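J.: Handing you this structure, nothing more for now.
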Amino acid sequence: MKNIISSALVLISLNATASLNLTKTTNIPSLDIYKMHDQDVVNEKLGNAPRFAIEYNVDVKSESNNWIVDGENLIKRERISAPNSVSINVAMDFKMTENSVVRIYSSDMSEIIRDFTAADNNSVNELWSPVVMSDDIVVELVTPRVEAANVVFNIKQINQGYRTFSQSTEKSGSCNIDVACTESAGWENEVNAVGVISTGGSTFCTGFMVNNTANDQTPYFMTADHCRINSRNAQSLVVYWNYQSSKCGGSRDGAKAQFNTGSQFLSSSSKSDFALVKLNQQPDPSFNVRYAGWDRSGVDATNATAIHHPATDEKSISFENEPTTITKYLGDKIPGDSTHVRVEDWDVGTTEPGSSGSPLFDQNHRVIGQLHGGYASCTSRTSDWYGRIYTSWDGDGSSDSRLSDHLDSAGTGELTTDTL
């Protein structure tokens with residue numbers, strides 16, 4: 001592996017222009033940004049997850065007559081050009097042998113994603129990349145000749161980004177509080193459980209790692225059902241960790257270099273708007289990701305805290321100083337159908353499209369629900385509703401519609417866990 005990677009980097013750095021000129025290019029047409037914006041305004045008002053990219057189904061196979069020979073190694077490069085795009089990400093049929101590697105980088109080499117290797121193989125032989133912030137990228141496969149026949153590599157979807165994490169329909173409101181601010185003191189562990197996500201290479205939401213009664217760091221990850229993660233597309237989930245401003249109220253300088261890609265669907269229910277998956281891999285220990293504790297007792301919180309990505313901007317924290325109430329979704333009668341936790345109005349901060357799926361913590365730093373929707377904004381001190389952990393625990397009565405089978409597989413009956 002060391003020799004392969006070194007050889008590839010030499011080719012990239014010393015002969016980049018000549019190599020790219022000989023590389024097959026897939027061209028994607030420019031988008032009508034204004035038309036996309038108008039569609040997104042309508043979709044987001046309907047409560048749909050924000051969209052950031054347009055999907056193109058393609059079929060870019062690793063054909064044997066299109067290899068670059070480098071000693072004992074073969075190199076295949078596919079260039080993707082999408083003029084005026086803010087980002088590109090791809091979906092691949094993917095299976096690497098022991099000494100094969102795929103890397104993705106901008107054509108000017110200003111951004112290079114980590115190597116994807118056999119450690120990224122999964123049961124469905126599929127890999128979805130994080131975004132590269134460029135309108136011209138290269139996807140490169142390097143494999144020993146003797147292993148080439150056993151490699152699976154086929155770009156099957158190109159996603160053309162037309163807005164970034166901080167370019168949703170409206171920018172994150174000025175009342176939002178960066179997690180770098182002093183208001184988040186004491187909430188550092190919970191902050192590190194929350195990530196911004198993309199699904200299908202084209203839509204955004206927020207989600208969080210969640211603990212289980214075994215306290216064994218099983219990589220369970222929760223978000224909202226309306227973020228549309230299911231058994232068909234769970235492999236497309238990409239979670240970005242520590243995407244947050246470095247300074248309170250500072251510039252949008254959040255990095256997207258720390259990520260997980262791929263998951264297995266476990267359960268969901270529209271009743272309380274939750275979805276639970278298991279990530280294909282645990283987050284790298286260097287990311288310092290934590291596993292949020294929860295409370296399924298159903299007791300109202302005396303005060304509440306939300307950690308989220310408003311407009312999928314850098315991570316923020318919001319506070320409600322009054323007790324929560326139990327209602328139906330978008331209702332104010334107590335208890336209604338008892339499926340949701342209502343935050344009457346935020347005293348500090350707010351939520352926005354893109355915050356969907358983010359956790360609501362009680363005064364004991366335990367999750368009691370995930371954001372379904374509401375009317376709150378920086379200009380409107382109105383309510384938000386969170387699907388209750390209490391309701392999601394039993395869900396619709398089956399393993400694929402409830403939390404209990406996964407977060408308490410041993411059947412301990414525990415009502416709470418703490419952040420791990």
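The values are calculated or read from the model by the stated rules, or taken from the named source; none is laboratory data. All values derive from a computational prediction rather than experimental measurement. All Cβ positions, even for glycine, are placed from backbone atoms using ideal geometry, and neighbour counts span all protein chains on display.
J.: Of the residues ASP384, ASP400, ASP332, only one is surrounded by 24 or more Cβ atoms within 10 Å (Cβ to Cβ) and out of contact with any helix residue (DSSP H, G or I) (no Cβ under 9 Å at 6 or more places or on another chain); which?
T.: Of ASP384, ASP400, ASP332, the one residue that is surrounded by 24 or more Cβ atoms within 10 Å (Cβ to Cβ) and out of contact with any helix residue (DSSP H, G or I) (no Cβ under 9 Å at 6 or more places or on another chain) is ASP384.
J.: Can you tell me which of THR206, THR213 is within 18 Å of SER399 (Cα to Cα) and among the β-branched types (Val, Ile, Thr)?
T.: THR213
J.: Could you run through the range 291-309 and say how many residues are surrounded by fewer than 20 Cβ atoms within 10 Å (Cβ to Cβ) and touching a helix residue (DSSP H, G or I) at 6+ places or on another chain (Cβ under 8 Å)?
T.: Counting residues in the range 291-309 that are surrounded by fewer than 20 Cβ atoms within 10 Å (Cβ to Cβ) and touching a helix residue (DSSP H, G or I) at 6+ places or on another chain (Cβ under 8 Å) gives 2.
J.: Ok, one more. Sort out which residues of the range 349-390 are within 24 Å of ASP418 (Cβ to Cβ) and either over 24 Å from the mean Cα position of the chain (by Cα) or among the acidic types (Asp, Glu) (or both), and write them in order of number.
T.: Scanning the range 349-390 gives ASP362, GLN363, ASN364, TYR390.
J.: Have a look at VAL41, VAL60, VAL69 and point out the one that is farther than 22 Å from PRO29 by Cβ, at pLDDT below 85 and among the hydrophobic types (A, V, I, L, M, F, W, C).
T.: None of the others qualify; the one that does is VAL41.
J.: If you check PHE259 against the conditions, is it under 17 Å from PHE361 (Cβ atoms) and of a type in the set (Phe, Trp, Tyr)?
T.: So PHE259 does not fit the description; no.
Residues checked against (1) buried (at least 18 other Cβ atoms within 10 Å of the Cβ); (2) within 22 Å of SER198 (Cβ to Cβ):
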residue: ARG51; (1), (2): yes, yes
residue: TYR56; (1), (2): no, yes
residue: TRP67; (1), (2): no, no
residue: ALA91; (1), (2): yes, yes
residue: PHE94; (1), (2): yes, yes
residue: ASN125; (1), (2): no, yes
residue: VAL151; (1), (2): yes, no
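J.: Let me ask something else. Looking at the range 198-215, which of the residues that are modelled with pLDDT of 95 or more and surrounded by 20 or more Cβ atoms within 10 Å (Cβ to Cβ) is nearest to ARG252 (Cα to Cα)?
T.: Step by step, filter the range 198-215, then rank; the result is THR206.
J.: Among the residues of the range 175-185, is there at least one that is free of Cβ contacts under 8 Å to residues at least 24 places away in the same chain and either surrounded by 17 or more Cβ atoms within 10 Å (Cβ to Cβ) or closer than 30 Å to SER380 by Cβ (or both)?
T.: Yes, the range 175-185 has at least one match.
J.: Next question. Of the residues in the range 12-38, how many are of a type in the set (Val, Ile, Thr), modelled with pLDDT of 85 or more and in a loop (DSSP other than H, G, I, E, B)?
T.: Number of matching residues: 1.
J.: Quick check on my filter: what residues within the range 272-282 are buried (at least 19 other Cβ atoms within 10 Å of the Cβ), in a loop (DSSP other than H, G, I, E, B) and under 15 Å from the mean Cα position of the chain (by Cα)?
T.: ASN280
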